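Below: one structure, written as structure tokens.
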């Protein structure tokens, strides 16, 4: 009986420990493989995305490319939509370049770079 109780207490403590940790942290897999493989990235190319998450601690940012003057970066708001515009080759894989539908105040396109973790947290693929 004592052994059964101790196994139950251990299992309950493990369950509480695993499910009480914050979900907005990189998983072990994301720490070892922060970028996408070529096959994974090509499968996501051209897909529509929607931003699903925003907090003050973890913020997705968008910015205009090739802006020598009037450089603007701003947070991506919940509900904003965009498209996986192109792939960003990195030393260990690929990142995603997202082109957002909403333009900046000068009428320029806004972009963001996303890896495996930021894609899981911020993006909803449609």
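Cβ contacts < 6 Å: first residue at negative phi and part of a helix (DSSP H, G or I), restricted to segment 24-35; second residue surrounded by 11 or more Cβ atoms within 10 Å (Cβ to Cβ) and at pLDDT 80 or above, any location; separation 6+ or different chain. Result? Within 6 Å, the pairs are 30/116; 30/117. Taking first residues from segment 75-86 that are in contact (Cβ under 8 Å) with a residue 12 or more places away in the chain and partners that are in a loop (DSSP other than H, G, I, E, B) and buried (at least 16 other Cβ atoms within 10 Å of the Cβ), the Cβ contacts under 8 Å between residues at least 6 apart in sequence or on separate chains come to 75/60; 76/60; 78/53.
For the structure I just gave you, tell me whether residue 79 is surrounded by fewer than 13 Cβ atoms within 10 Å (Cβ to Cβ) and over 13 Å from the mean Cα position of the chain (by Cα). Lay out the reasoning, then the answer.
Values: surrounded by fewer than 13 Cβ atoms within 10 Å (Cβ to Cβ): yes; over 13 Å from the mean Cα position of the chain (by Cα): yes.
In short, yes.
Under the condition of being modelled with pLDDT of 90 or more, out of contact with any strand residue (DSSP E or B) (no Cβ under 6 Å at 6 or more places or on another chain) and either part of a strand (DSSP E or B) or on the phi > 0 side of the Ramachandran plot (or both), the residues counted in segment 76-115 number 3.
Do we have residue 67 as surrounded by 12 or more Cβ atoms within 10 Å (Cβ to Cβ), more than 13 Å from residue 121 (Cα to Cα) and modelled with pLDDT under 85 here? Yes: the conditions hold for residue 67.
Condition test on residue 47, is it at pLDDT 85 or above and out of contact with any strand residue (DSSP E or B) (no Cβ under 8 Å at 6 or more places or on another chain)? In short, no. Taking each residue of segment 88-108 that is touching a residue at least 12 places away in the same chain (Cβ under 8 Å) and looking for partners that are in a loop (DSSP other than H, G, I, E, B) and exposed (fewer than 13 other Cβ atoms within 10 Å of the Cβ) with beta-carbon atoms closer than 9 Å, six or more apart or interchain, yields 97/65; 102/77; 104/70; 105/70; 106/70; 108/65; 108/66; 108/70. Scanning segment 36-72 for residues that are in contact with a helix residue (DSSP H, G or I) (Cβ under 9 Å, 6 or more places away or on another chain), under 27 Å from residue 108 (Cβ atoms) and part of a helix (DSSP H, G or I) yields one hit, 44.
Within 12 Å of the chain's Cα centre (by Cα) and surrounded by fewer than 16 Cβ atoms within 10 Å (Cβ to Cβ) - does that describe any residue in segment 103-119? The answer is yes; a qualifying residue exists.
Could you tell me whether any residue of segment 6-22 is surrounded by 11 or more Cβ atoms within 10 Å (Cβ to Cβ) and either under 28 Å from residue 126 (Cβ atoms) or modelled with pLDDT of 85 or more (or both)? Give the steps one after another, and end with the answer.
Just the residues of segment 6-22 that are surrounded by 11 or more Cβ atoms within 10 Å (Cβ to Cβ), to begin with: none.
No, segment 6-22 has no match at all.
The values are calculated or read from the model by the stated rules, or taken from the named source; none is laboratory data. Model, not experiment: these values are computed from the prediction. Glycine also receives a Cβ, built like all others from the backbone with ideal geometry; neighbour counts cover every protein chain displayed.
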